[in-house]
1. So if R0 is 22 Å, what FRET efficiency would Glu96 and Ala60 give, r being the distance between their Cβ atoms, rounded to the nearest 0.05?
2. Taking 0.36 nm per residue of sequence separation and subtracting the Cα-Cα distance, how much length would be gained by fully extending the chain between Glu199 and Arg238, in nm to one decimal?
3. Whole-Hz Karplus ³J(HN,Hα) for region 304-314, in order, using 6.51 cos²θ - 1.76 cosθ + 1.60 and θ = phi - 60°, x for Gly and Pro?
4. Which whole-Hz ³J(HN,Hα) couplings does region 209-215 yield from phi under the Karplus relation 6.51 cos²θ - 1.76 cosθ + 1.60, θ = phi - 60°, glycine and proline marked x?
5. Amide H of Phe130: which non-local residues (sequence gap of 5 or more, or other chain) have their own amide H closer than 5 Å, using H built in the peptide plane?
6. Order these peptides, 298-305, 343-350, 319-326, by their mean beta-carbon neighbour count within 10 angstrom, highest first.
7. Tell me the net charge near Ala288. Cut-off is 14 Å between Cβ atoms, Ala288 excluded, with +1 for each Lys or Arg and -1 for each Asp or Glu.
8. Using the alpha-carbon centroid of each, what span in Å lies between region 261-286 and region 42-56?
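We did not get these values from a lab; they are worked out from the coordinates using the rules stated. The shown structure was predicted, so the numbers you read here are calculated from the model rather than taken from an experiment. Using ideal geometry, Cβ is built from the backbone for each residue, glycine included, and neighbour counts are taken over all protein chains shown.
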Amino acid sequence: MRLGLYVQVPFCQTKCTYCNFHTGVFSSELYVPYVDAVCREVAEHPRLLRESGIAEAPDAVVDTAYFGGGTPSLLDPSDLRRVVDAIRSGFDCKFEEVTLEADPETITSAKAIAWCEAGFDRISIGVQSFADLELKAAGRMHRREDVYNASRILRDSGFRNISFDLIAGLPHQTDESWDDSVGQLLALRPEHVSIYLMEIDEGSRLGLEVLQGGVRYSASALPSDDAMANFYERACARLAAAGYMHYEISNWALPGFESRHNLKYWRREPYFGLGAGAHSFNGTQRWANAHDPASYSATLSQGRFPVEQAETVTLAQALEEELFLGLRQLAGIDLAGIEAKYGASLRPRVEELRALGLLEWHGTQLRLAPDRLTISNEVFVSLLD
Ligand code: SF4
């Protein structure tokens, strides 16, 4: 069996105004003890997993690893290397892709060279925008110039697989600033691009300002939903014209550079999450580690598995996941195969949604209609109704 490993680094320099993740601004003195705990989880993982009663440790080859967060690039490269080395010692590894998420302003030549030497071969940069006004309003630490510097440093250090993220729908974003951000991104020619539609969560400071009013986080300067959808569609056209393949609702790649690790999520392939708040899936069970870094570390130091929640995936849940995750991929799903696997009859509902222009057939594959990608969640809800 092939396995992906996700390593969660829940530390950030500041909290972005739109962020609702379980991450925080902690003293850097906590970084090394946290890395110690993650290395311990890696080293003891088979025993801890078995003793937890959730699942047996599988006979698996680890082919992808992804260090996400948070801001993993805040850690000292030697600490990141310790985790990679622990993974190499604790698991049977034949790495095909090892990704590190990095914020532009944290990238230096010395770090980039050390990441390369540690075994990272893919860097995913949280660019979000090339407009300083938007970056500042969102509470990001970097500015446009930092993105150019980061890109140059990574190329000079030998990285040949770089991903850039943009967010459509940031406060102060306009048609002109969005087109400029997409243009700047294309000029740097990353191998992979992610574009996320802004989601306003009530748990974020921006979300609270939307609900309660105020001027601090520029909630009144948020673009409309229609403007955001228009940003996305214009980016789709420009990325296609520049040779990028749109392979998942939020993701594009030059040929051969799709994220191997993230594809596992959408294909329901097994992955284990390490670190505070990390999620795991082995095909039949899903479980999540304790979110709080302190209780995560304390549980491990007592020799126990730091799991916070675990569930067996029912047949009905598995079917929903196949549809929801499968249809996020633009190649679509093999509906006949899924119906046969789950003994389900989905065709009448599918045909209703197809008649409404929400789904379409592409050969024998069923996929979201290309002009309905921005309302994918509504289509999924209708399909699962
Ligand atoms: S860098 Fe990412 S995880 Fe950290 S606060 Fe910003 S959005 Fe949240």
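1. 0.95
2. 11.8 nm
3. 10, 6, x, 7, 10, 7, 8, 8, 7, 6, 6
4. With coefficients 6.51, -1.76 and 1.60, one gets 5, 4, 6, 9, x, x, 10 Hz.
5. Ser181
6. On the way: 298-305: 15.0, 343-350: 12.8, 319-326: 18.0.
By packing density, highest mean first, the sequence is 319-326, 298-305, 343-350.
7. On the way: positive: Arg286; negative: Glu41, Asp292, Glu308, Glu311.
Every neighbour counted, the sum reads -3.
8. 15
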